[in-house]
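The structure under discussion appears below in the form of structure tokens.
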Amino acid sequence: MSTFIKLLAVLLLLYGLIASLVFLFQERLIFHPLTLDASDRARFQPYQVSIENEGHLLQGWYVPAKQSEQAKPQQSTPGPLIIYYGGNAEETSWNIPYFQQHLDSSFLFLNYRGYGDSSGTPSESTLKSDALAAFDHFKSVQDPSQIILFGRSLGSGVAAYVASQRPVDAVVLVTPFDSLTAVASQHYPLLPVRWLLKHRFNSVALAPQINTPLLSLLAGRDQVVPHEHGQELEKSWQGKVLSLSFPRANHLTIADEEGYWPAIKEFIENQ
């Protein structure tokens, strides 16, 4: 056997080994569960809620809208409910102060399975199943006047799925993607990602079924989910799309950009 053939055989073996490892350990690449800090558990305890789905307990927080001092209790009506779906390395309680500061709504933050105090193991199918269960539960219990879905990064895939399955009033997506397959293929161009990936979050295939208004917020310097993936999703979205790009922002800093929260607030108020 020639040296070239031996070298080729070794390279093919290494390639197969790398592909096998990516397939076997892809959950560790996609999902990064974070625990709930004890101080945050105590701080947000008054808002704590939980639901059970498929034998697993999902823990999170329901934060009611702040009532005007002039409003009489008998005259109050349920306001918009914003349901938040976080990123792949996010324990959602840290969002509570920011949402309260910038938006006049009620909020639901649930941690995915395995995140925070939620039990179980995250996957595409479990995140979607839990999201529908939470939607149905809180819609019936809180009876909000509007439901707005808010998904960031990985959560954009969950939000798009729920919007394709349930009637909602609007959707806000931050650093969204067309599909996790497309994003992974860009990051790992030498691997057969389309064959290896089990958790595809194919939002672009669902988008033509969704006629709900969309606010899409893109980061111009996003190296995790390059903004062109969000643009591809926008092209397929059936409902009216308002797209805003923050050229200086990256995947983690977009919420710090001037105009980020005002744009979300204005979009929600116009629904």
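The values are calculated or read from the model by the stated rules, or taken from the named source; none is laboratory data. It should be emphasised that the depicted structure is a prediction, and the values quoted were computed from it without experimental measurement. Every residue, glycine as well, gets a Cβ built from its backbone with ideal geometry; the counts of neighbours run over all protein chains shown. Just the protein is used for accessible areas: all its heavy atoms, side chains included, with ligands, DNA and RNA removed. Shrake-Rupley method; radii C 1.70, N 1.55, O 1.52, S 1.80 Å.
One table, with the values for the structure above:
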item: Table column - 3J(HN,Hα) (Hz), segment 216-232, Karplus curve with 6.51, -1.76, 1.60, x for Gly and Pro; result: 10, 10, 10, 9, x, 10, 6, 9, 8, 10, x, 4, 5, 5, x, 5, 5
item: Alpha carbon centroid spacing (whole Å) that separates segment 116-147 from segment 236-271; result: 24
item: Area of Y62 that stays accessible when all protein chains are in place (1.4 Å probe, Å², to 10); result: 40
item: MRE, 222 nm, helices only [DSSP H, n ≥ 4, -39500 (n - 2.57), over the chain, to nearest 500]; result: -11500 deg cm²/dmol
item: Candidates L173, L196, L154: whichever shows maximal mean-square fluctuation once the chain is modelled as a Gaussian network with Cα springs under 10 Å; result: L196
item: In Å², nearest 10: area of D104 left accessible to a 1.4 Å probe; result: 120
item: Cα-based Kirkwood hydrodynamic radius, the chain, one decimal, Å; result: 19.8
item: 0 to 90° range, to nearest 10: angle between helix 260-269 axis and the chain longest Cα axis; result: 50
item: Cβ charges +1 (Lys, Arg) and -1 (Asp, Glu), total dipole of segment 98-248, debye; result: 300
item: Lysine-lysine proximity count for the chain, Cα under 22 Å, sequence distance 8 or more or distinct chains; result: 6
item: Under-5 Å amide H pairs with L57, H placed in peptide plane, nonlocal only; result: S119
item: Most fluctuating residue given options L127, L24, L13, as computed from a GNM of the chain linking Cα atoms under 10 Å; result: L13
item: Cα centroid separation - segment 26-55 against segment 189-224, whole Å; result: 24
item: Area of Y188 that stays accessible when all protein chains are in place (1.4 Å probe, Å², to 10); result: 110
item: Dipole magnitude of segment 135-209 about its Cα centre (Cβ charges: Lys, Arg +1; Asp, Glu -1), debye to nearest 20; result: 280
item: Heavy-atom accessible surface of the chain: percent carbon and sulfur, 1.4 Å; result: 55
item: Long-range amide H partners of A249 with built H, under 5 Å; result: G220, R221
item: Distant-in-sequence amide H partners of L34 (H built 1.01 Å from N, under 5 Å); result: E90, G116
item: Only Lys, Arg (+1) and Asp, Glu (-1) charged, at Cβ; the chain dipole about Cα centre in debye; result: 600
item: For segment 128-139, 3J(HN,Hα) per residue [Karplus equation, 6.51 cos²θ - 1.76 cosθ + 1.60, θ = phi - 60°, Hz, x = Gly/Pro]; result: 5, 4, 5, 5, 5, 4, 5, 4, 5, 5, 6, 5
